[in-house]
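Below you'll find the structure, written out as structure tokens, and then a few comments.
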Amino acid sequence: MKKRLIAMLLSLSMVGLLLAGCGGNNDKPAADPKPADPAPSAPADPAPAAPSAPAGDIDYKNFTINPSQIPQEKLDTTLYLAVSIRGLENPYIATINDGMHMFAEYLDSIGQKYEMQVLDSQGDSAKEVDNMRQFAAKANGNAIAYSDPNEDAIAYSLAEAMAESGGYLGTAWNKPADVGPTDLNPNWVIHTSPDNVIGGYNIAKALFDSMGGKGKIFVCQGLLGNTAANDRYAGLQQALKEYPDIEVAADDTANWNTDEALALVETWLTQTPDVGGVWCANDNMATGALQALDAAGLKGKVGVVGIDANTDIVEAVRDGYATATVSSNGYLQGGYTLAICYAAWAGLINVEDLPAEFREFATPALLIDSPEAAESYLTTPPSFDFSQIYWCKAD
């Protein structure tokens, strides 16, 4: 593929300057994050040469950053970190930004100089790629970033935009099945995602069980063409095969959007008032479904499930108004992606030496399907040791 050949040539041309690796640590619970700093208008310090990565057999699963191995020249260089996202108004996406701030506390603890930025695409794929290109160029190679591609088709373009200036990127959720980090070494470091098929299956099973294994459901799909949406829907289909007495009365996309889900469910309720549950591919849409049910006097009588563990839905599970949600743990996704990319930038390990299962892997998710589980989630703040960078890898 021509695009991959170009990427390989680009990677080879930068091998003398760019080495990659693994790292990060933070033991503090999430705090209210300060607003992200804007991107610098002046050119960043030129990237110093990375030290040689450790050789020989490495236990990557238990790899731990040793700050004494980070050259002082690196610590004194301003490192620019960013999260590329679709709007902080989404509670789950806001936790990714929180994860960046949590990782920044780790950088403070080891004396790393840095600045932070949020790259907000507002769901515009072209803008997301352009944001990444401009951010990387200003950082002059001293850049690490997390990106949730708006659609799978732009994942390579985002990594390419970072690679043009020599920075390091980790993506999550969306990418084509035949493209991945090894197509753009060393700059596309990792790609991660919770197992969305399992997530979609688990919330469907929780919903169906709460309905006694029979009845009618509405289905609010996510953004069509989005990898996570497709996989969650596939999980729903698996569950439906196991519950032959569950009938899908209506099925459409609400594009991850609360208002669109509200409108759909309101319309469907006029056609099928005896619905027993609403399966939503994310919690934003579950919020809209609950609003529609509330207006119809059915809140708490009709089961609702979603994914993302948005606070309002977790509270609804606790209070008996929703059936289940899944925490994909945005804090972990944002923080650990940056930690691994930091290790690459610092030269603690070589990205190209990483085994395949440490370039693409699943991150842990948590099913919240009872009032007790919801209460625990709401009252127990997250705490991470970012020095153990692959703790984020699900077994």
(message) Please list, ordered by residue number, the helices (runs of 4 or more DSSP H) wholly in the range 300-395 having 2 or more residues that are closer than 23 Å to residue 185 by Cα.
(response) 330-346
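Residues are listed down the side, and each one gets a yes or a no for (1) more than 25 Å from residue 358 (Cβ to Cβ); (2) touching a helix residue (DSSP H, G or I) at 6+ places or on another chain (Cβ under 7 Å):
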{"site": "122", "(1), (2)": "yes, no"}
{"site": "161", "(1), (2)": "no, yes"}
{"site": "180", "(1), (2)": "no, no"}
{"site": "184", "(1), (2)": "no, yes"}
{"site": "187", "(1), (2)": "no, yes"}
{"site": "210", "(1), (2)": "yes, no"}
{"site": "216", "(1), (2)": "yes, no"}
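Does residue 181 qualify as being within 23 Å of residue 126 (Cβ to Cβ), out of contact with any Gly (no Cβ under 8 Å at 6 or more places or on another chain), of a type outside the set (Asp, Glu) and buried (at least 22 other Cβ atoms within 10 Å of the Cβ)?
So residue 181 fits the description; yes.
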(request) For the range 216-235, name all the residues that are farther than 14 Å from residue 251 by Cβ and touching a Phe, Trp or Tyr at 6+ places or on another chain (Cβ under 9 Å). (result) 223, 226, 227, 228, 235
(request) Would you mind telling me which numbered condition in (1) surrounded by fewer than 24 Cβ atoms within 10 Å (Cβ to Cβ); (2) in the same structural domain as residue 103 (by TED's automatic domain parsing); (3) among the small types (Gly, Ala, Ser); (4) under 16 Å from residue 194 (Cβ atoms) residue 356 fails? (result) (4)
(message) Go through the range 259-308 and report how many residues are of a type in the set (Asp, Glu) and touching a Phe, Trp or Tyr at 6+ places or on another chain (Cβ under 9 Å).
(response) 3
(request) Give the range 341-364 a look and list any residue that's of a type in the set (A, V, I, L, M, F, W, C) and in contact with a Gly (Cβ under 6 Å, 6 or more places away or on another chain), or say none. (result) 341, 343, 344, 348, 349
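The values are calculated or read from the model by the stated rules, or taken from the named source; none is laboratory data. Since this is a predicted model, take the numbers as computed values, not measurements. Backbone-built Cβ (ideal geometry, glycine too); neighbour counts: all protein chains shown.
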